[in-house]
Amino acid sequence: LLQGYAAEMDNPLMAHVIPPELQNKKDILFGNMEEIYHFHNRIFLRELENYVEYPELVGRCFLDQMEDFQIYEKYCQNKPRSESLWRQFSDSVFFQECQRKLDHKLSLDSYLLKPVQRITKYQLLLKEMLKYSKNCEGAEDLQEALTSILGILKAVNDSMHQIAITGYDGNLNELGKLLMQGSFNVWTDHKKGHTKVKDLARFKPMQRHLFLHEKAVLFCKKREENGEGYEKAPSYSYKHSLNMAAVGITENVKGDAKKFEIWYNAREEVYIIQAPTPEVKATWVNEIRKVLT
């Protein structure tokens, strides 16, 4: 791909078949694929080859390079931009010509998906290796590597949702790390404590998608898009946010194991939040507690 497509975008002999709108867009189309390629070629593959005789110790390789695996997050975040560019120009002579020279059966977009598929495949490979390494020397490292890769997958997934937030004025990066995101039923009470919570529960809840950052929690409304691939992915229109410095939490709401409360400015605003399951609620309550303490 890097030689047969990316490099060809800079080839003067091909300039006449490249649509003008596609020129200088190499970084959008390929993201940081070159960085991923060099990481595997120069570092990770060589590390793996050291363990050909001791596959059960391979977990160490992953743990030593775990920070480098975050290059995949960058690649996945760029993927929607890359796909939309590809869709505009997929039938251009330039791409057809490159594909013909490479003698590829599949078009470029199938290959651009490979890094996304690869990062999701690692966890399957590690799970499989763990299965056969139960009492081996490297089992703990394999388990830790699996946990770390799952963490990276969660970060990739969360960030794919985060880039779909629309209508937020500020800079999302200033809110600190994105810790959790998910969909909930939400009831609100803005009066200064006049309404009893049980009266509130009669009203119809709002569907809200919450994004918990270190410094704020964002409430968004999910909009399903009609389209294909990433265009079908939902977008989230921003409604409001609460600064974590002024947030309090009540873990249990009477009569429902899936509900908890977030309140703001000493209960001036109260949000009753219903998770899809008690487990999801527990995870969120724990994360919010961590932020507050």
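The values are calculated or read from the model by the stated rules, or taken from the named source; none is laboratory data. Bear in mind that the values here come from a model prediction, so they are computed numbers and not experimental data. Cβ sites come from the backbone with ideal geometry, for glycine too, and all protein chains shown count toward neighbours. Calculation scope for accessible area: heavy atoms of the full protein, side chains included, ligands and nucleic acids excluded. Shrake-Rupley method; radii C 1.70, N 1.55, O 1.52, S 1.80 Å.
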Exercise for the section: Starting from the residue with the highest accessible area, list Lys127, Lys254, Lys215, Lys281 in decreasing order, probe 1.4 Å. Expected result: Lys254, Lys215, Lys127, Lys281
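Quick one: pull the percent of accessible area on region 7-163 belonging to carbon and sulfur, 1.4 Å probe, ligands and nucleic acids left out.
Details: 4730 of 9220 Å².
Heavy-atom surface of region 7-163 belonging to carbon and sulfur, 1.4 Å probe: 51 percent.
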Handout entry: Charge dipole of the chain about the Cα centre (unit charges at C-beta), most positive-ward option of Leu146, Pro55, Leu218
Key = Leu218
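Taking the Cα centre of the chain as origin and charging only Cβ (+1 Lys, Arg; -1 Asp, Glu), how large is the dipole, in debye to the nearest 20? Working shown, then result.
Working: 40 positive and 41 negative charges, 325 e Å.
Approximately 1560 debye in magnitude.
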Practice task
Could you state the angle between the C-alpha long axis of helix 71-89 and the longest principal axis of the C-alpha atoms of the chain, as a value from 0 to 90 degrees rounded to the nearest 10?
Solution key: 70 degrees
Practice task
Using amide H atoms built 1.01 Å from N in the peptide plane, name the residues 5+ places from Tyr236, or on other chains, whose amide H lies under 5 Å from its own.
Solution key: Ile165, Thr166, Arg223
Handout entry: Amide H within-cut-off set for Gly182, under 5 Å, with H built and near neighbours excluded
Key = Leu210
Practice task
Let me know the charge dipole size of region 93-180 about its Cα centre in debye, to the nearest 20, where only the beta-carbon of Lys, Arg (+1) and Asp, Glu (-1) is charged.
Solution key: 420 debye
Exercise for the section: Report, to the nearest 10°, how far helix 278-292 tilts away from the longest principal axis of the Cα atoms in the chain, using its own Cα long axis and a range of 0 to 90°. Expected result: 90 degrees
Problem - Selected from Gln162, Ala7, Phe30, residue furthest toward positive end of dipole (the chain; charges at beta carbon) - result: Gln162
Exercise for the section: Quick one, can you get me the convex hull of the C-alpha atoms of the chain expressed as volume per residue in Å³? Expected result: 175 Å³
Completion exercise
Rounded to the nearest Å, the spacing of the alpha-carbon centers of region 103-177 and region 250-289 is 29 Å
Handout entry: Per residue accessible area in Å² of the chain, where ligands, DNA and RNA are left out and the probe is 1.4 Å
Key = 58 Å²
Completion exercise
Measuring from the longest principal axis of the C-alpha atoms of the chain, the long axis of helix 93-102 (C-alpha) lies at a number of degrees, nearest 10, equal to 60 degrees
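So if I place +1 on the C-beta of Lys and Arg and -1 on the C-beta of Asp and Glu, and nothing else carries charge, what would the dipole magnitude of region 7-163 be about its Cα centre? I want it in debye, nearest 20.
Values: 19 positive and 25 negative charges, 109 e Å.
Around 520 debye, computed over region 7-163.
What FRET efficiency comes out for the pair Arg100/Leu124, r = Cβ-Cβ distance, R0 = 41 Å, nearest 0.05? Walk me through the numbers on the way to the answer.
On the way: r = 34 Å, r/R0 = 0.83.
According to the calculation, E is roughly 0.75.
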